[in-house]
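Reading through the structure tokens given below for one structure.
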Amino acid sequence: MHLTAEEEAILNGEEGETKQQLLEILVGVGKVFGAEEMVPIRSAQVSGASYKTIGEWGLKWLASLDAHAAVPAVLNPVGMDRIRWEEMGIDPGFAKKQLEVISAYERLGIRLECTCTPYYLNITEYGDHLAWSESSAVSYANSVIGARTNREGGPSALAAAIIGKTPKYGLHLVENRKPGIHIQVEGEPKQADASWYGALGYLAGKISGNRIPLFSGIRPGRDQLKNLGAAMAATGAVALYHVQGITPEARVFSYSTEGLEQFVINADEVASLFTGEQVDAVAIGCPHCSPDELIYLASLLEGCSVTKPVYIFAARDVIERESEQIRRIERSGARVYADTCMVVSPALERYDRIMVNSGKALSYVPTMCGAGAVIGSTEDCIRVACTPE
Ligand code: F3S
């Protein structure tokens, strides 16, 4: 692996032990994957921020580091809203440890944004190299924005944030971004919002595994692409997909379906995943809600009172920008939390059956929260939880 004189100096400890240790991690990863050099990154998103995941050992390791992020860097969702955690019913002992983890990251120059939608924070655009961790964020960055990132682990993303570079291999290289299979979608979506695309992604991820699918027959908007990619990253390991005529690289490179393994998914098959309405809570915002989704939720909740708990999750920055919508939503009794989500927070473990509008949550809620999950459209989610005033 070719290293610059500056990188060699860091490896020799000339900029301190922390940077030396973190660059060693990056060079080690680069050598394993055959990277020829490092590439500067525009931003990083660091996972391993929940105390539930990193525990006491991780906290001690973070506290031992002495450096500052070289590029804009944010965290993945943590186990609770760092301000409204009491309202979420979080145990104070857990909250204390979680806040210590967040402070440890803050000391390293990581922004106090804990979100799986860092693309709403203006820290990336087309062609940027990134070091992001969370699978749905990685999928969105690669597929919808046309930026370039592998799915980083927590330590390698943190190392990249501090060094400002990542090893150049995998999806950083154009030749590894071509489609491997073609999925033709037949029929019209039965649900009008992004939930149908989440259900499509739930099925398509199982077909794709870790291959790069090229879709045709669909015309999704941005929130629909978000839900599609998140679900494929959950039921498969899809870090990049293309949609003919829609996603940036499919437009630039005009990929052909010839020579690709062919699959068909019918809209009726997707619609058949929408079953049952007997639930005891509703959770929306997997991935975290966009400003448009919050506006839509506010309009659906207008004039309603919730009779079942409704949890909505979004990035803190988005919540602050959309404060008027949040007031409209919370007037109904629904709650909008930042920094966390239905899967990483222990708050939803108390329910037996949860309705979600996301293919990724449909896949993860049963294993991570121990609750049954059903998928509904956003409208269904609000209907089952609300009575008109
Ligand atoms: Fe985000 Fe949590 Fe879903 S991290 S993608 S809201 S599982």
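Laid out as a table, the results:
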{"item": "In segment 242-268, residue most open to solvent (accessible area, probe 1.4 Å) [restricted to those that are part of a loop (DSSP other than H, G, I, E, B) and farther than 19 Å from residue 145 by Cα]", "result": "258"}
{"item": "Residue selected from segment 172-196 under the condition open to solvent by less than 10 Å² (accessible area, probe 1.4 Å) and within 21 Å of the chain's Cα centre (by Cα), by the criterion nearest to residue 39 (Cα to Cα)", "result": "172"}
{"item": "Odd one out for residue 374, checked against (1) closer than 21 Å to residue 192 by Cβ; (2) hydrophobic (A, V, I, L, M, F, W, C); (3) without any contact (Cβ under 8 Å) to a residue 60 or more places away in the chain; (4) open to solvent by less than 30 Å² (accessible area, probe 1.4 Å)", "result": "(3)"}
{"item": "Unique match (being assigned to a loop (DSSP other than H, G, I, E, B) and within 16 Å of the ligand (Cβ to nearest atom)) among 233, 239", "result": "239"}
{"item": "Output for segment 120-141, where each listed residue is within 15 Å of the ligand (Cβ to nearest atom) and touching a residue at least 40 places away in the same chain (Cβ under 8 Å)", "result": "120, 121, 132, 133, 134, 135, 136, 137, 138, 139, 140"}
{"item": "Residues of segment 334-388 satisfying the condition of being basic (Lys, Arg) and more than 16 Å from residue 285 (Cβ to Cβ)", "result": "350, 353, 383"}
{"item": "Where residue 202 falls short, out of the listed (1) within 16 Å of the ligand (Cβ to nearest atom); (2) in the same structural domain as residue 369 (by TED's automatic domain parsing)", "result": "(2)"}
{"item": "All helices (runs of 4 or more DSSP H) inside segment 274-389 with 1 or more residues being within 17 Å of the chain's Cα centre (by Cα), within 15 Å of the ligand (Cβ to nearest atom) and farther than 21 Å from residue 49 by Cα", "result": "291-301, 359-369"}
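The values are calculated or read from the model by the stated rules, or taken from the named source; none is laboratory data. What you see is a predicted model; the values in this text were computed from it and never measured. Note that each Cβ is placed from the backbone with ideal geometry, even for glycine, and that neighbours are counted across all protein chains shown. Only protein heavy atoms, including side chains, enter the accessible area calculation; ligands, DNA and RNA are left aside. Shrake-Rupley method; radii C 1.70, N 1.55, O 1.52, S 1.80 Å.
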